[in-house]
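The values are calculated or read from the model by the stated rules, or taken from the named source; none is laboratory data. Just so it is clear, the model here is predicted, and its values are computed rather than measured. Positions of Cβ are backbone-derived with ideal geometry, glycine not excepted, and every protein chain shown enters the neighbour counts.
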Amino acid sequence: MIKKELKTSGKIGDSSGRYQVHPLKTLLFFCMAASGLLFLVMLSMYTAQRFHGANAQLNIELPKFFVLSTLCIAGSSGLMMYAKREFKKENLRGAIYASSFGLLLGLTFLVFQAFGWMEFFSLGFGFPTVNVASSYVYVISGIHFAHVIGALIGLTYILIQQFRSLGDPVKELIFFTNPFEKTKLDLIATYWHFTDIVWLILFVYFLLTF
């Protein structure tokens, strides 16, 4: 009953709030747009080198670890969707479990990416190298690697706050009735889906051009 009253009172005098976008979410969209543009430019430069001169005849092999890392980041994105659903159901424990496994898969993604670079190097595609096209693979995947690290830091921060509230009815009540907590989860989930989509696009593009 208290929880219901708190939620209802938070909407008084704010009939238009549901149609407004949080400033942090607007900022996130601008940042994602800028990052998307950066990846587009890098892919354009990679494409120009890949099909130019001797590079066009080069057979570049796709590291098998990139396939595993792709499965990991896709799975982690699905877990973030599940975490948001559990949060809406006010199941803090379920949200923590889903977010924790998502974090674990995200870390596993980074490990597989590192193994993928080592495999790529062992296949004869060093960095830097005279083959500029293969060098772009390191640069582009490295930039994405940094984006994932940023997402993991944000997710870790949210998990710490959730763990602090778990098991305490009062803290959980305050946690779920604070709209900013939902906003933070929305922000990190949106950014996490962005890194997932970007990598899927990169993976498919590399697969087609290798």
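In region 19-69, of all residues being among the basic types (Lys, Arg) and more than 20 Å from Gly150 (Cα to Cα), the one that is modelled with the highest pLDDT corresponds to Lys64.
The residue pairs whose first member lies in region 48-59 and is more than 15 Å from Val137 (Cβ to Cβ), whose second member is in a helix (DSSP H, G or I) and at pLDDT 70 or above, and whose beta carbons are closer than 9 Å, counting only pairs six or more residues apart or on different chains, are His52/Ala133; Ala56/Arg50; Ala56/Ala133. Considering (1) touching a residue at least 60 places away in the same chain (Cβ under 8 Å); (2) not in a helix (DSSP H, G or I), the lone condition that Gly167 does not fulfil carries the number (1).
Yes or no, residue by residue, for (1) aromatic (Phe, Trp, Tyr); (2) out of contact with any strand residue (DSSP E or B) (no Cβ under 9 Å at 6 or more places or on another chain); (3) surrounded by 20 or more Cβ atoms within 10 Å (Cβ to Cβ); (4) part of a loop (DSSP other than H, G, I, E, B):
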site: Leu107; (1), (2), (3), (4): no, yes, no, no
site: Phe125; (1), (2), (3), (4): yes, yes, yes, yes
site: Tyr138; (1), (2), (3), (4): yes, yes, no, no
site: Gly150; (1), (2), (3), (4): no, yes, no, no
site: Thr156; (1), (2), (3), (4): no, yes, no, no
site: Glu172; (1), (2), (3), (4): no, yes, no, no
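Per the listing Phe112, Phe176, Phe145, the residue uniquely of a type outside the set (Asp, Glu), assigned to a helix (DSSP H, G or I) and free of Cβ contacts under 8 Å to residues at least 40 places away in the same chain is Phe145.
Output the residue which, of all residues in region 112-126 that are in contact with a helix residue (DSSP H, G or I) (Cβ under 7 Å, 6 or more places away or on another chain) and either over 19 Å from Thr209 (Cα atoms) or not aromatic (Phe, Trp, Tyr) (or both), is modelled with the lowest pLDDT. Reasoning before the result, please.
From region 112-126, those in contact with a helix residue (DSSP H, G or I) (Cβ under 7 Å, 6 or more places away or on another chain) are 112-113, 115-117, 119-120, 125; that's our starting set.
So of that shortlist, the ones also either over 19 Å from Thr209 (Cα atoms) or not aromatic (Phe, Trp, Tyr) (or both) come out as 112-113, 115-116, 119.
Values: Phe112: 96, Gln113: 95, Phe115: 95, Gly116: 93, Glu119: 90.
The qualifying residue modelled with the lowest pLDDT is Glu119.
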